[in-house]
Structures are given as C-alpha cells and as structure tokens.
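Reading through the structure tokens given below for one structure.
The values are calculated or read from the model by the stated rules, or taken from the named source; none is laboratory data. No experiment lies behind these values; they were computed from the predicted model shown. Every residue, glycine as well, gets a Cβ built from its backbone with ideal geometry; the counts of neighbours run over all protein chains shown.
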Amino acid sequence: MVWEIHPSQIGRVKILVRRLCSCFDRGNCILLDDGEPHKCVQLISCSGVYCNYFKNAVLPTDKELYRQIRNYNKNEKCKMYSADVFIAAGFPLTWVSGQKEEFRQYLL
C-alpha cells in the first residue's frame, strides 16, 4: 500500500533517504540493483512513500514525520463522502434493540 505524502513533507522525506537509508548509494538503490544502477524510487517520488524499506526502517526514525504521514493516510481512508441508501418497502423488517427509533429519527 502506498502512503500519500503532503507536498510540504517531500523535502524531509528526501533528507531522510540521503542521511539514513542504508540502501541509498549516490542516488541509486542497492535493493533494486540487478547489475545495472536503478534510481532510488523514494527520491524520484513526489506524491507518496513507495519503498517498503523506507517505510518500515527509515521513516520511523523521524517520529513526528512518521506520525503525520500515518495519520494523514489513516484519515483519508476513513472519509465517507456519500452513500446510497436503499429502503426495502413492503418487506417485514426485524429491528434490533433501538434501531427502529433511530431509523425513524433518521427519516424525519
């Protein structure tokens, strides 16, 4: 899963990669090395955390940034913008405890 980052956090993420990532070697990623150099995915990213090693090993070292990114993505997933409501008319409904009254209040 990709964690989105706010544009204001990109600079701090890139500083962490350069200073603390043990897979970072002069702009390239050692983990992706298959005989040819590959650019560090996290350095060229401007919208999210794409490297699992960075997310699990490097990012938690900056507790504040880690908390901000984690909470930002947690809140984004939980937002509900709209919902379709279907009401079954003509079918008997079985109500559990106070649901009937709650539903009546919802309709009014």
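Looking at region 49-62, can you tell me whether even one residue there is under 16 Å from the mean Cα position of the chain (by Cα), part of a helix (DSSP H, G or I) and at pLDDT below 60? No: zero hits. Tell me, please, whether a residue that is at pLDDT below 90, of a type in the set (Phe, Trp, Tyr) and in a helix (DSSP H, G or I) can be found in region 63-73. Scanning region 63-73 turns up at least one residue that is at pLDDT below 90, of a type in the set (Phe, Trp, Tyr) and in a helix (DSSP H, G or I).
Within region 33-47, residues that are touching a residue at least 12 places away in the same chain (Cβ under 8 Å) have Cβ atoms under 7 Å from residues that are of a type in the set (A, V, I, L, M, F, W, C) and surrounded by fewer than 18 Cβ atoms within 10 Å (Cβ to Cβ) in these pairs: Cys46/Ile10, counting only partners at least 6 apart in sequence or on another chain.
Just a yes or no: is a residue in region 86-105 polar (S, T, N, Q), assigned to a loop (DSSP other than H, G, I, E, B) and modelled with pLDDT under 80?
Going through region 86-105, the residues polar (S, T, N, Q) turn out to be 94, 97, 99, 105.
Next cut, assigned to a loop (DSSP other than H, G, I, E, B) only: 94, 97.
Of the ones still in play, those that are also modelled with pLDDT under 80 are 94, 97.
Yes, the conditions are met somewhere in region 86-105.
Please find, within region 38-59, the residue that is farthest from Gly11 (Cα to Cα) out of those that are among the hydroxyl-bearing types (Ser, Thr, Tyr) and out of contact with any helix residue (DSSP H, G or I) (no Cβ under 7 Å at 6 or more places or on another chain). Before you say what the answer is, go through the steps one by one.
Start the filter on region 38-59 by keeping residues that are among the hydroxyl-bearing types (Ser, Thr, Tyr), which leaves 45, 47, 50, 53.
Then drop every residue that is not out of contact with any helix residue (DSSP H, G or I) (no Cβ under 7 Å at 6 or more places or on another chain), which leaves 45, 47, 53.
Values: Ser45: 11, Ser47: 12, Tyr53: 18 Å.
Per the criteria, the residue is Tyr53.
The set of residues in region 4-19 that are of a type outside the set (Asp, Glu) and not in a helix (DSSP H, G or I) comprises Ile5, His6.
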